[in-house]
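> This is the structure I want to talk about, given as structure tokens.
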Ligand SMILES: Nc1ncnc2c1ncn2[C@@H]1O[C@H](COP(=O)(O)OP(=O)(O)OP(=O)(O)O)[C@@H](O)[C@H]1O
Ligand SMILES: [Mg+2]
């Protein structure tokens, strides 16, 4: 609604000004009251214009609704069309690619497949790249398979036992020879679990062995003799990661029984050759006293002599015969192992006996004897004569090694973990490496012909072994130590 005032203008006053001059018709029409005597500028009424809104609004609403419905329908149509286009052009090919990709990753789809390229857009390019990648991966996979196959056949083809071992001692891969070896029940295989309590450093324990490889990060090898007389050379090679930590190890076992047997044959052949050489020495050893015996015997038979001279001659014959008997006895001891006659014996007492026998020789050569004999050693079950012979051989060797210079012979006894250990340390010139290999061989000697038969240590070794003991040697330029280890009675 619009309202505006009606203001008296000059023109209006012509009829509505002075009543006396007002037209009769007007007076009759409006009457006298309020219709005359107006002044210019008076508000004599209000002009209003009103239009009803409800109609207009309902029209507007109708237009708005139809516009909205049209717009919505158009948008919906556009959305569906775009969605359809997007699905067929982008989503569908991408979904297909993704499905195949996932299948390849999971291994359910083969790698050697080719997806058709239906468009020349980005999707087409992506499909083409996928095809190339799949082809490349397929080729790489085939190469890997071939390499793995080759490695596998090399691994299987190695006739020595070979295995890849994890730090927990579990076997990752084994070859045929290793599996057969495990089946044979040979103990130096990884069949136990890795636990510190299973580790036994005194035997060829693979757990300790593996620990050593992990700790020292280097290959470790050991010789090992099986119960059935087979010899093995056992190796563990470390495999490290980029940081240098050992993550696995290769367990390689070489059966060296044949090699050992060949070595043994060679040693025997060497010994036979030594027997030939020895005959000259033995002949000389026996010939010397025989010469004296013969001379004395001839004198006795042909010359008149007093009783004292006769006695002297008989003594010389006796000493010579004893020497020959001694040599023959040593040879017999060497060739056959005579049985032991054991009795409870004090080892310290045995040593004192032998020292009494060698006292004169030792003091003549200006050798000092330093004894460190333990009182904890119980009486040992040994063959007294034979053990004396062992100690005598070792002491005589020591005295001979220190020949020419004053020196010290240290003799010690101690009890160690169920064993009695007797050591003889001299301050001689030591044993050169090339000699050390052979000192326990029968007939091996470095002494001049007639001074040594080379039987001393070989006989001693066999006597100690008959007592279930061990004889070992350590040597340097400063001297040599022989150690005899004998098991103590239970
Ligand atoms: N204490 C030692 N120091 C240096 N060399 C030694 C020692 N003991 C042994 N040998 C070496 O070992 C070799 C063999 O010793 P073994 O006692 O078997 O024979 P041998 O002493 O030569 O002769 P024998 O039969 O008279 O004992 C010796 O010739 C010597 O070279
Ligand atoms: Mg000797």
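None of the figures in this text is laboratory data; all of them are computed from the coordinates on show. Only a predicted model underlies this, so the values are computations on that prediction, with no experimental measurement involved. Backbone-built Cβ (ideal geometry, glycine too); neighbour counts: all protein chains shown.
> Let me check against my output: what whole-number percent is the relative contact order of the stretch 331-423, with C-alpha pairs under 8 Å and at least 6 apart?
36
> With contacts defined as alpha carbon pairs under 8 Å and 6 or more residues apart, what's the relative contact order of the stretch 343-487 in percent? List each step's numbers first, then the result.
Numbers: 256 pairs, mean separation 34.2, N = 145.
Relative contact order of the stretch 343-487: 24 percent.
> Which three extents, in angstrom, do the Cα atoms of the stretch 325-416 have along their principal axes, listed largest first?
39, 37, 20
> Using alpha carbons only, how many degrees (0 to 90, rounded to 10) separate the axis of helix 347-364 from the longest principal axis of the chain?
60
> When a/c is below 1.5 the answer is rounded, else prolate if a/b is larger than b/c, else oblate, so apply that to the stretch 78-138 with a ≥ b ≥ c taken from the square roots of the Cα gyration tensor eigenvalues. If you can, show how the numbers build up before the last one.
Details: a/c = 3.83, a/b = 1.89, b/c = 2.02.
Judged from the Cα gyration tensor, the stretch 78-138 comes out oblate (a/c at least 1.5, b/c at or above a/b).
> Moving on to the next point. What fraction of the DSSP beta bridges in the chain is antiparallel, stated in percent and rounded to the nearest 5?
Antiparallel bridges make up about 90 percent of those DSSP assigns within the chain.
> Moving on to the next point. Provide Rg and Dmax in Å for the chain, with only Cα atoms included in the calculation.
For the chain, the Cα-based Rg and Dmax read 60.1, 225 Å.
> Under the definition of Cα pairs under 8 Å and six or more residues apart, what whole-number percent is the relative contact order of the chain?
Numbers: 613 pairs, mean separation 36.6, N = 490.
Once normalised by length, the contact order is 7 percent.
> For the pair residue 29/residue 139, report the inter-label distance in nm, with labels modelled 7 Å from Cα in the Cβ direction.
Once both label points are built, they end up 11.1 nm from each other.
> Can you give the direction-averaged projected area of the convex hull of the alpha-carbon atoms in the stretch 343-487, in nm²?
8.3
> In whole angstrom, note down how far apart the Cα centers of the stretch 464-481 and the stretch 387-460 are.
Between the Cα centre of the stretch 464-481 and that of the stretch 387-460, the gap is 8 Å.
> How tilted is helix 92-106 with respect to the longest principal axis of the chain? Cα atoms for both, answer in degrees (0 to 90, nearest 10).
The angle comes out at about 20 degrees.
> Whole Å is fine, so just give me how far the alpha carbon centre of the stretch 213-242 lies from that of the stretch 352-380.
Using only Cα atoms to place each centre, the spacing works out to 43 Å.
> Modelled label-to-label distance, residue 91 and residue 341, 7 Å Cα→beta-carbon offset: nm?
So the label points at residue 91 and residue 341 sit 11.0 nm apart.
> Another question about this same structure. Just to check, using Stokes-Einstein with a Kirkwood Rh over alpha carbon pairs, what's the diffusion coefficient of the stretch 2-49 at 37 °C and 0.692 mPa s in µm²/s?
Approximately 291 µm²/s, per Stokes-Einstein.
> To the nearest 500 deg cm²/dmol, what mean residue ellipticity at 222 nm is calculated for the chain from DSSP H runs of n ≥ 4 alone, each contributing -39,500 (n - 2.57), summed and divided by the residues? Write down the numbers at each step before the final one.
Working: 13 runs with 245 residues, N = 490.
For the chain, the value works out to -17000 deg cm²/dmol.
> Rounding to the nearest 10 and keeping the result within 0 to 90°, find how far the Cα-based axis of helix 206-216 lies from the longest principal axis of the chain.
70
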